[in-house]
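Asks: Got a structure for you, written out below as structure tokens; questions coming shortly.
The values are calculated or read from the model by the stated rules, or taken from the named source; none is laboratory data. Everything quoted here is computed from the prediction, not taken from an experiment. We place every Cβ from the backbone using ideal geometry, glycine too, and count neighbours over all the protein chains shown.
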Amino acid sequence: MRGRQRRERRIGHARHRLAHHGAEPGPQGRDRQRPAVLPGRLRHPDPEGPGRQPQADVATKWEYDKTRTRLALTLRDGVKFSGGAPFDGAAVMANMKRFRKGGGGSAKTLAALRRVTVEDPTHVTLILSAPDPALLFQLSDAAGLMADPAEFAGSSLTTTPAGTGPYELDKTRTAVGNKYVYPRKTGYWGAKLPFETLAISAFDNETAVVNGLKTGQIDTAVLQDTNQQAAIASGIRLKKTDYTFDFQGLLLFDRAGALTPALAKPQVRQAINYDLDRETMLDKLRRGRGELTSQIYGPGTKAYDKALDTYYDHDPAKARKLLAEAGYAKGFTLRLPRAAALVSDALASSIATDLKAVGITVRWDLLDGNSALRKIYRERAYSATVMNNGQNPVDWTATQDLVAPGVFNLFGSTDATVRKLLQRIQTGTATQAARAARALNRHLVEQAWFAPFYRMRYELVTGPDVKARTQSGMAVPSLYDYTPTHA
């Protein structure tokens, strides 16, 4: 039994999770729930490194110039893609061009990239239009994934990945949409990872995932649903590790009032925050498993201020007063999209009941997952939405995700304070950037750009033959965070 478990790691994955992490349609839409096993990255997170900083992968060195607008990369020599083509500077340039033009939610992470200069096969220089404090992090995430440019023209990459990573897809053992099997790649340039085979199974829901864990069908999974966490609590053969990753809350997109004029008033957005009974929501909806918060930045960031977690207490009287000051004493109607996989009946009822108490009528539009993504992010049909959003540990990444114009700032909201502080975070020294990030966080909370509820506690579950550790800023552990229990 132990020998078999060392050779194969079996991961459970609920299909609905794409909607839970803000992935949106397009070639570069990300599903942070799946470990990257195929493409290979310029850098990868090291579970043993100091501060768990990204480490060398197919890029071995990186260095900025004094202006922080030129990043020189040294590439690993002798690396080949799955099809045998060499990995080189031209491949890096082709991948980054494709990524920027992909149109997905992650494309903006290379917004500052002006061009890539190939010095020779093992040296490239990334030339930026302005400093990007998160670029090195991005090169260990989606922007650093490398695939064979020879496959870009067709559609083969959707079914037959061609990367530089340690595993390759076994199409004969794979059932698309249900199970994906990845044996070790023969001739992989790096050290062998401890598992000969990875198998990722997609389940319809977390109840099925829990059953798979209990029966030993799978070795590891992350559980988001607190009911399923409770269901597995008695499993003595399973190890459970709690951690927080997402915050759940209302993203108030329409801060200029284009669709819902009331939201243009800060007092109205503040009223929504004061009216939401976060403590009851956490207790009743998530069994108390989480941390109340009024801020979008997580504890791992420089922007985080513990005092802001409790900035908005539950005060309906104050909410009514603010609505009256804004000219909405009689309330208004707020249309919100609802995908059942993300917004449960209980959550929808809780939000609607709280807001109704101060005169805000919520009208839920029930949508399927694909329709919700299209109508929210492409058609911009709603003024706000409930979202679970990962709290990235890199301040600039979190800021670009939620504050800068883009996927989660659909209407391009900004003001003089935001513009000034964004500039300081981007171009200042480390000390100046940290100070500006904290100031920006406080400004966003005071102006009620968002209405976070709480940081949700997830549970990493592993069977007796697998060890895993969580990693800041990642919904699931990195591929490098898994090891056999019995070496």
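Asks: With of a type outside the set (Gly, Ala, Ser), under 26 Å from the mean Cα position of the chain (by Cα) and within 26 Å of residue 281 (Cα to Cα) as the only criterion, which of 209, 181 stands out?
Replies: Exactly one residue qualifies, and that residue is 209.
Asks: Separate question: Taking the stretch 262-292 only, how many residues are assigned to a helix (DSSP H, G or I) and free of Cβ contacts under 8 Å to residues at least 12 places away in the same chain?
Replies: So the count comes out to 2.
Asks: Residues in the stretch 198-215: is at least one part of a loop (DSSP other than H, G, I, E, B), touching a strand residue (DSSP E or B) at 6+ places or on another chain (Cβ under 9 Å) and assigned by TED's automatic domain parsing to the domain that holds residue 183?
Replies: Yes, that holds for at least one residue.
Asks: Could I ask something else about it? For the stretch 345-366, check the following and say yes or no: at least one residue is assigned to a loop (DSSP other than H, G, I, E, B) and among the hydroxyl-bearing types (Ser, Thr, Tyr).
Replies: In the first step, residues of the stretch 345-366 are kept if they are assigned to a loop (DSSP other than H, G, I, E, B); the result is 357-359.
Then keep just the ones that are among the hydroxyl-bearing types (Ser, Thr, Tyr); that gives none.
Among the residues of the stretch 345-366, not one is assigned to a loop (DSSP other than H, G, I, E, B) and among the hydroxyl-bearing types (Ser, Thr, Tyr), which makes the answer no.
Asks: Hey, among the residues in the stretch 134-176 that are of a type in the set (Val, Ile, Thr) and surrounded by fewer than 21 Cβ atoms within 10 Å (Cβ to Cβ), which one's nearest to residue 101 (Cα to Cα)?
Replies: Of all residues in the stretch 134-176, those of a type in the set (Val, Ile, Thr) come to 158-160, 164, 172, 174, 176.
Among the residues that remain, those that are also surrounded by fewer than 21 Cβ atoms within 10 Å (Cβ to Cβ) are: 158-160, 172, 174, 176.
Working: 158: 17, 159: 21, 160: 21, 172: 33, 174: 30, 176: 27 Å.
For the stretch 134-176, the residue satisfying everything is 158.
Asks: Further, regarding this structure: Please determine whether any residue of the stretch 109-117 is on the phi < 0 side of the Ramachandran plot, at pLDDT 95 or above, polar (S, T, N, Q) and in contact with a Leu (Cβ under 7 Å, 6 or more places away or on another chain).
Replies: Among the residues of the stretch 109-117, not one is on the phi < 0 side of the Ramachandran plot, at pLDDT 95 or above, polar (S, T, N, Q) and in contact with a Leu (Cβ under 7 Å, 6 or more places away or on another chain), which makes the answer no.
Asks: Quick check: is even one residue across the stretch 383-397 on the phi < 0 side of the Ramachandran plot, aromatic (Phe, Trp, Tyr) and outside any helix (DSSP H, G or I)?
Replies: No, the stretch 383-397 contains no residue that is on the phi < 0 side of the Ramachandran plot, aromatic (Phe, Trp, Tyr) and outside any helix (DSSP H, G or I).
Asks: Can you pull out the residues in the stretch 221-235 that are hydrophobic (A, V, I, L, M, F, W, C), part of a loop (DSSP other than H, G, I, E, B) and either touching a residue at least 60 places away in the same chain (Cβ under 8 Å) or in the same structural domain as residue 346 (by TED's automatic domain parsing) (or both)?
Replies: Scanning the stretch 221-235 gives a single hit, 232.
Asks: Go through the residues of the stretch 438-460 one by one and say whether even a single one is crowded, with 16+ Cβ neighbours inside 10 Å and more than 26 Å from residue 251 (Cβ to Cβ).
Replies: Checking the stretch 438-460: at least one residue is crowded, with 16+ Cβ neighbours inside 10 Å and more than 26 Å from residue 251 (Cβ to Cβ).
Asks: Assess whether residue 374 counts as being touching a residue at least 24 places away in the same chain (Cβ under 8 Å), surrounded by fewer than 19 Cβ atoms within 10 Å (Cβ to Cβ), part of a helix (DSSP H, G or I) and not hydroxyl-bearing (Ser, Thr, Tyr).
Replies: Values: touching a residue at least 24 places away in the same chain (Cβ under 8 Å): yes; surrounded by fewer than 19 Cβ atoms within 10 Å (Cβ to Cβ): yes; part of a helix (DSSP H, G or I): yes; not hydroxyl-bearing (Ser, Thr, Tyr): yes.
Yes: the conditions hold for residue 374.
Asks: Here is a follow-up. Of all residues in the stretch 216-259, which are of a type in the set (Lys, Arg) and touching a strand residue (DSSP E or B) at 6+ places or on another chain (Cβ under 7 Å)?
Replies: 239, 240, listed by residue number.
Asks: Filter the stretch 335-354 down to the residues that are in contact with a Leu (Cβ under 7 Å, 6 or more places away or on another chain) and either outside the structural domain of residue 269 (by TED's automatic domain parsing) or not small (Gly, Ala, Ser) (or both) and list them by number.
Replies: 337, 338, 347, 354
Asks: For the condition part of a strand (DSSP E or B) and without any contact (Cβ under 8 Å) to a residue 60 or more places away in the chain, what is the one hit in 320, 338? Break it down into steps so the answer makes sense when it comes.
Replies: Details: 320 fails: part of a strand (DSSP E or B).
Step by step, each of 320, 338 is checked, and only 338 is part of a strand (DSSP E or B) and without any contact (Cβ under 8 Å) to a residue 60 or more places away in the chain.
Asks: Now a separate question. Against the condition surrounded by fewer than 17 Cβ atoms within 10 Å (Cβ to Cβ) and closer than 18 Å to residue 276 by Cβ, how does residue 385 come out, does it pass?
Replies: no
Asks: Conditions: (1) of a type outside the set (A, V, I, L, M, F, W, C); (2) touching a helix residue (DSSP H, G or I) at 6+ places or on another chain (Cβ under 6 Å); (3) assigned by TED's automatic domain parsing to the domain that holds residue 277. Residue 435 meets all but one. Number of the miss?
Replies: Single failed check for residue 435: (2).
Asks: Out of everything in the stretch 442-487 that is part of a strand (DSSP E or B) and of a type in the set (A, V, I, L, M, F, W, C), what residue ends up being nearest to residue 413 (Cα to Cα)?
Replies: Filtering the stretch 442-487 for residues that are part of a strand (DSSP E or B) and of a type in the set (A, V, I, L, M, F, W, C), the one nearest to residue 413 (Cα to Cα) comes out as 450.
Asks: Are any residues in the stretch 104-143 among the polar types (S, T, N, Q) and out of contact with any Asp or Glu (no Cβ under 9 Å at 6 or more places or on another chain), and if so, which ones?
Replies: 117, 129 - these are the residues of the stretch 104-143 that are among the polar types (S, T, N, Q) and out of contact with any Asp or Glu (no Cβ under 9 Å at 6 or more places or on another chain).
Asks: Restricting attention to the stretch 250-271, does a residue exist that is under 20 Å from residue 289 (Cα atoms), under 21 Å from the mean Cα position of the chain (by Cα) and surrounded by 21 or more Cβ atoms within 10 Å (Cβ to Cβ)?
Replies: Going residue by residue through the stretch 250-271, those that are under 20 Å from residue 289 (Cα atoms) are 250.
This time we only want the ones that are under 21 Å from the mean Cα position of the chain (by Cα), so: 250.
Okay, now just the ones that are also surrounded by 21 or more Cβ atoms within 10 Å (Cβ to Cβ), so 250.
Yes, the stretch 250-271 contains at least one residue that is under 20 Å from residue 289 (Cα atoms), under 21 Å from the mean Cα position of the chain (by Cα) and surrounded by 21 or more Cβ atoms within 10 Å (Cβ to Cβ).
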